[in-house]
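Reviewing the structure listed below.
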Protein chains: 4
Amino acid sequence: MSHNTFGHLFRVTTWGESHGVALGCVVDGCPPGIRFTLAELQAWLDKRKPGQSRFVTQRREDDLVKVLSGVMLDDDGETMITTGTPVSMLIENTDQRSKDYGEIAHRYRPGHADYTYDVKYGIRDYRGGGRSSARETAARVAAGGLARKVVPGLVVRAALVQIGKHKIDRNNWDWNEVSNNPFFAPDPAIVPVWEEYLDGIRKAGSSVGAVVEVVAEGVPAGIGAPIYGKLDQDIASLLMSINAVKGVEIGEGFASAELTGEENADEMRMGNDGNPIFLSNHAGGILGGISTGQPVVARFAIKPTSSILTERRSIDADGNNVDVRTKGRHDPCVGIRAVPIGEAMVACAIADHYLRDRGQTGRLTSQGGSAT
Amino acid sequence: MSHNTFGHLFRVTTWGESHGVALGCVVDGCPPGIRFTLAELQAWLDKRKPGQSRFVTQRREDDLVKVLSGVMLDDDGETMITTGTPVSMLIENTDQRSKDYGEIAHRYRPGHADYTYDVKYGIRDYRGGGRSSARETAARVAAGGLARKVVPGLVVRAALVQIGKHKIDRNNWDWNEVSNNPFFAPDPAIVPVWEEYLDGIRKAGSSVGAVVEVVAEGVPAGIGAPIYGKLDQDIASLLMSINAVKGVEIGEGFASAELTGEENADEMRMGNDGNPIFLSNHAGGILGGISTGQPVVARFAIKPTSSILTERRSIDADGNNVDVRTKGRHDPCVGIRAVPIGEAMVACAIADHYLRDRGQTGRLTSQGGSAT
Amino acid sequence: MSHNTFGHLFRVTTWGESHGVALGCVVDGCPPGIRFTLAELQAWLDKRKPGQSRFVTQRREDDLVKVLSGVMLDDDGETMITTGTPVSMLIENTDQRSKDYGEIAHRYRPGHADYTYDVKYGIRDYRGGGRSSARETAARVAAGGLARKVVPGLVVRAALVQIGKHKIDRNNWDWNEVSNNPFFAPDPAIVPVWEEYLDGIRKAGSSVGAVVEVVAEGVPAGIGAPIYGKLDQDIASLLMSINAVKGVEIGEGFASAELTGEENADEMRMGNDGNPIFLSNHAGGILGGISTGQPVVARFAIKPTSSILTERRSIDADGNNVDVRTKGRHDPCVGIRAVPIGEAMVACAIADHYLRDRGQTGRLTSQGGSAT
Amino acid sequence: MSHNTFGHLFRVTTWGESHGVALGCVVDGCPPGIRFTLAELQAWLDKRKPGQSRFVTQRREDDLVKVLSGVMLDDDGETMITTGTPVSMLIENTDQRSKDYGEIAHRYRPGHADYTYDVKYGIRDYRGGGRSSARETAARVAAGGLARKVVPGLVVRAALVQIGKHKIDRNNWDWNEVSNNPFFAPDPAIVPVWEEYLDGIRKAGSSVGAVVEVVAEGVPAGIGAPIYGKLDQDIASLLMSINAVKGVEIGEGFASAELTGEENADEMRMGNDGNPIFLSNHAGGILGGISTGQPVVARFAIKPTSSILTERRSIDADGNNVDVRTKGRHDPCVGIRAVPIGEAMVACAIADHYLRDRGQTGRLTSQGGSAT
């Protein structure tokens, strides 16, 4: 495949299949001197792991992350300190039910990567979707946990803003609410609406799409690399690489098509502290591919998973017409679990650009900033 | 900057500023044996060049492309044949009016990259936007002209589908109409609407956003490289790298958030010719990052240019509050000229993935396909 | 560090420290349909593993390799078949004696990377050399085991040709002898000479340098990528990346400085089978960065390890003058164990270029060749 | 080809053929604020240009370099200041005599890349060697001129140390002598020896090999990126990419095979200024892939050019046996003109690693260092 790595100086390589022994990643380029605990890292993985509510897949995975290299233990026996060498992280698979998938070994599920993998590779690990399964994203979330530590003061948060036709009311936005419901919804008023709607979807063995919004605060101005390494470009690329994502926006996104130049331009004034103040953020924190210092705002759309109980017309590997329905355990709305994944991708993109700008070693720390 | 190159095997490096001597690109990885004429290449550049209607900037540039390396002339004295070495292409700048920009040398135009370039680099070629100007995209279009030749049978076309709130009627879609109006509109009925609307925008010295749709036909199934080199990911990345683009969609895009799994899955049946037939194309021709053989469909949103005649609040390089309005010649709707640029970016992404799959040399030709 | 990956389409990322839990690699870009057994892979690792004679370090490591992803088991329950997804391989560390190294935690061993790692990173895993230890090369050998399978008919072999001033007699060269002595010597006559010489070095707690020669047969003509991805360039780069290597040659190497053009040119004649025959191979199988179809020949020089029992003058991390001698278990001639490592590096370089030329997927197989 | 670019943050892409319109390069990643004059740049090109003595090719090229982008002129109208955008440089070809090469259009010169290019690409620009000509190195020298400016205090010099069997006496080494003779010899005593020897070679229409040594002073300690982006590895890679180079050494190089650990280890003592002092430099300034702060020392061997007047046996493109001798103008010892090329390659490698460590923008300047 050759293309299971992303990043230019903060480089992440992931590996592993849904029903293999394990999956993991190698984070290469993590600066030395970053301090973290396994518990901190695990917290991000817990946010993504399956089986946490009736609205996500019932597969049971603890998703316990192990760190195999790249760190030394501090004297407290708990804090890990990066040494600048590759951080290899591993997550074991424990709850595979591969026999659920026997039926689809030679049948292409419509809307899945089954057909395209077979065309491209001529061989395919059909168990649980193999490499194309969203289980791969556990490794991204682990990498994102480190990326968050690379940029001093960086805070990356995401929330679900739409399920089906039901959108949140942005006036209700409260980050504190995100962890209070199984949807990562920032608007408590939407929660009962989504519950009722998704219960219907779930009971029908159906699925539905969603939209996630990611906001990164504490991004220093001047990060980004025109022309073909723009910060928004790299964020778009990484968000689009998440399973089932079909659209990405920065700032106003598609709505900017309807705006005039007067409406869209983010005016500036000089602040009392000698730093510029932007009077709006239509740009989503990025101009010309370079960060403005405002929050970076991105959104992405996730299609409904094609793993549904209703039969759909398809073909098999031998070229026969068949009808396929997907057994196994699946997410009625995969968008929910995409929330921590989106955070991880944006954190990784920002960390990478930060290091391009500041250099790859601990010198960033020694120049006054703090990497922790 | 370090990041003025894109592509993995079909690699394009662009260079040049809006008001410099020239701009150009080096296309590295173009397979040997590709045949083309300068006239063919120029035709793509003519489509993008400024000054062709009252709805685009009145800067007059012939945008004549020269090929400096990487080809041998065929006996007809006209057809160029690539040799597999880098193709260097150059376009001279002829109609710079740099004095128009003296006023903004130290003032940051809101919504432009002026401020971010200064923060990042501490120095900035302010004339015509320097490197951040969309003049850079002439080089992309030249590269795209070669990319189109790399994949036998590939046809990449684009059209403008929305200006401001005014969208085309998709039932009227006719590719033949695209060249019959100054907007690249596929729906003749929208033309008078857009004319009237844009005339108002133009006379007010204002600007407005737009949406472009790109469709690539003839993409072989099996092209793409999961997990972090997905075809849709690379298309998203390149479209997002175009100046002023704020959103990218593949297939259903953001609309997929509202669909159920039943609605969204593209069902399949075996065709009489032994090839699979997809009964719909919600996926936009890509599943799991790999092409299905259906048309690849992408859309992108362009924000209104911030170069407007109305004064906006801003600051200057010395930290003073100033009011800025942009003189010089500008596009009331930069989305129009983004149409051939979007085509070029999609063609380059597909050519790159095609070569990843088939190899970098002329062997693709010798195996029965035709590179011309 | 950001730079623990090599290769463009056959990409290898290694991770792990000498005294950590484990080390390993991710091979990304291995084509689908490659068949191998764990025993085949293990055989390469066994060739490199420590403790096999008195002339190498007495550290005892089984170096058992595990394959965690990227394969499916064939029906025989033993043969693994690659699927085109990343192959993650892991080797556990079992015989660390970290306390041997307590003394050098803050002292810089002359000739080691201790000082430079501290300068660069400000923190260093001193146990067994940490990441700078040659234990990392176990992962390279595992990757090389797969690389050998990528190119049909490829055979990569290496031999030790010099220890200290004692060189083999090239007229005695017999590949069959290489496995008959603990030095990988192709000349049986040199074995007693090296035994006596190295016994002296070993008992004195000293060390000595060596030269390894690698020969790759079965490399198709036309592999390589000028100008900055030349096959010899990539081989030189990878051989130079091996611990303690200080020089690399292709073909005649430094001896070519003494030759005339008449002597050095490899003349050609047409063979009866319609393929060209080269009458000599001064070029080492590569011209203009591209393979000629002759055997690819490379040599590299390994310096003596600086881990010696004699005290040397140095400094410590606090800037004090100290005298350092290295306890722990070490190789009197690290060049011996470099033989399988050199093979692995050359195999990986060739596999990478083969895939650049032929494409990244199983199509190479389907076009008549056989990947096994 | 896809591989005409080198560098990770200081990226150089070259293009052009020996007998095309022009050749050039794009330097991407040059930090902003670097100040230079065209005369400074030209001085490096003049050192490499042909026709300067009877010992090099008599082709007459002025090799005048033009800067097309990436700079602004300072008020003095002469000093160029980089803006951080790609610096495109162009050198026109003026003295092509393509008809000299008609005879070899379909004949493969032994020892040249003629055959391998034809095998790989199936088409070849035979005029003057096309892309495989050493004329390409003019672009490297131009890029090197910028690279030298990136690292404050960096001085990169090279000298010829061997022609044929005739080596300099290292005890005579005097950098001031290098510019006093047509060989870049640091030892005046060798000059008459080389003159007489090369006159004989030249008159016989023959050629001979050589060895060049490059020394870089002012390299900060801590530059380099293990494991696969080692500074010595990148230097080896770039030196090996130079036409006709067959071997590369760092520090003691192949001689280290004969040394014991005691002899080879560079002992250290603390200096009065608080900086470590190395008591020798067998390592050539690099340990574990990272610079020690000592001079970086590299050597490379250049084979004799295969363009000789004596007939050699070969084949043509149709598979016929032919005898070939090379007309046209050529270098009796291409190693002479390799001296400034070697300097350029080492300067580029160091600049790239410096930026990886310190970051890609002008911040390096603002932190106290000076980029000029």
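The values are calculated or read from the model by the stated rules, or taken from the named source; none is laboratory data. Remember, predicted model here, so these are calculated numbers, not experimental data. Positions of Cβ are generated from backbone atoms using ideal geometry, with glycine treated the same way; all protein chains shown enter the neighbour counts. Note: areas computed on protein heavy atoms with side chains; ligands, DNA, RNA excluded. Shrake-Rupley method; radii C 1.70, N 1.55, O 1.52, S 1.80 Å.
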Q: Work out the P(r) tail for the stretch B:162-293: percent of alpha carbon pairs separated by more than 21 Å, whole number.
A: 56
Q: With 5 Å bins from zero, work out the P(r) of the stretch D:1-110 over every alpha carbon pair and list the percent per bin.
A: 2, 10, 15, 19, 18, 14, 10, 6, 3, 2, 0
Q: Distance between Cα centroids, the stretch C:1-75 to the stretch D:181-254: provide it in whole Å.
A: 36
Q.
Please find, among residues of chain D, the one with the beta carbon closest to the rotation axis relating it to chain C, distance in whole Å.
A. D:S237, 2
Q. Which distances, in nm and shortest first, link the D:Q58 label point to the same label point in every other copy, taking 7 Å along Cα→Cβ?
A. 6.0, 7.0, 9.0
Q) Using the alpha-carbon atoms, what tilt in degrees (0 to 90, nearest 10) does helix A:190-203 show relative to the longest principal axis of chain A? A) 30
Q) For all pairs of alpha-carbon atoms in the stretch D:104-240, what percent lies in each bin of width 5 Å, listed from the first bin to the last filled one? A) 2, 8, 12, 14, 15, 17, 15, 10, 6, 2, 0
Q. Roughly what angle does helix A:338-358 make with the longest principal axis of chain A, taking Cα atoms, 0 to 90 degrees, to the nearest 10?
A. 40
(Q) Tell me the per residue accessible area of chain A using a 1.4 Å probe; a whole number in Å² is fine. (A) 30
(Q) In 10 Å bins starting at zero, report the fraction of Cα pairs in the protein assembly as shown per bin as a rounded %. (A) 1, 8, 17, 22, 22, 16, 9, 3, 1, 0
Q) Which of the residues in the stretch A:334-360 lose at least 50 Å² of accessible area when you go from the chain alone to all protein chains together (probe 1.4 Å)? A) A:R356, A:D357, A:Q360
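Shielding of B:280-288 by partners, i.e. mean partner chain Cβ atoms within 10 Å per residue? Provide the component values of the computation, followed by the final result.
On the way: counts 2, 0, 6, 6, 1, 0, 3, 13, 13.
Shielding by partners across B:280-288 averages 5.
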Q: State, to one decimal in nm, how far the label point of B:E40 lies from the label point of D:V21, with both points 7 Å from Cα in the Cβ direction.
A: 1.8
(Q) Within 10 Å of each candidate Cβ there may be at most 16 other Cβ atoms; applying that plus a DSSP loop requirement, which trypsin sites (Lys or Arg not before Pro) in the stretch B:123-196 survive? (A) B:K165
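Summarise the accessible area of the stretch B:1-57 (1.4 Å probe, protein heavy atoms) by the percent that is carbon and sulfur.
Working: 720 of 1270 Å².
For the stretch B:1-57, the apolar C and S fraction of the accessible surface comes to 57 percent.
Please compute how much accessible surface disappears when A pairs with C, both sides summed, using a 1.4 Å probe, and round it to the nearest 100 Å². Working shown, then result.
Working: alone 17510 and 17510 Å², together 31450 Å².
Between A and C, the summed buried area is about 3600 Å².
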**Q.** Helix-only [θ]222 nm of the protein assembly as shown, DSSP H runs n ≥ 4, -39500 (n - 2.57) each, per residue, nearest 500
**A.** -7000 deg cm²/dmol
Q) Quick one: label points 7 angstrom along Cα→Cβ at B:A317, distances to the other copies in nm, smallest first? A) 4.5, 5.4, 6.4
Q) Among rounded, prolate and oblate, which fits the stretch B:277-348 when a ≥ b ≥ c are the square roots of the eigenvalues of its C-alpha gyration tensor, a/c under 1.5 means rounded, and a/b larger than b/c means prolate? A) prolate
Q: Give the carbon-plus-sulfur fraction of the accessible surface of the stretch D:73-220 in %, rounded to a whole number; probe 1.4 Å, heavy atoms of protein chains only.
A: 45
Q | Shielding score for A:15-25, defined as the mean number of other chain Cβ atoms within 10 Å | A | 6
Q: State, to one decimal in nm, how far the label point of B:L64 lies from the label point of C:R269, with both points 7 Å from Cα in the Cβ direction.
A: 5.5
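Based only on Cα atoms, what mean projected area does the convex hull of the stretch A:23-70 have, in nm²? It would help to have the intermediate numbers written out before the result.
Details: hull surface 16.4 nm².
That works out to 4.1 nm².
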Q: Give the range of the longest stretch in chain A that excludes all GluC sites (Glu not before Pro) found in loop regions by DSSP and having at most 15 other beta-carbon atoms within 10 Å.
A: A:79-310
Q) Which of the lysines could a cross-linker span from C:K66 if the Cα-Cα distance has to be under 29 Å and same-chain partners fewer than 8 positions apart are dropped? A) A:K49, A:K66, A:K99, A:K120, B:K230, C:K47, C:K49, C:K99, C:K149, D:K230
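How much net charge surrounds D:V214 when only other residues with a Cβ under 10 Å from its Cβ are counted (Lys, Arg +1; Asp, Glu -1)?
Details: positive: D:R157, D:R299; negative: D:E213, D:E343.
Its environment carries a net charge of 0.
Two decimals, Cα atoms only, Kirkwood Rh: what is Rg/Rh over the stretch B:221-372? Could you put the intermediate results ahead of the total?
Numbers: Rg = 21.0 Å, Rh = 18.6 Å.
Reported Rg/Rh (Cα atoms, Kirkwood Rh): 1.13.
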Q: Apply the Debye scattering formula to chain A, with a single equal point scatterer on each alpha-carbon and no solvent, then give log10 I(q)/I(0) at q = 0.12 Å⁻¹.
A: -0.95
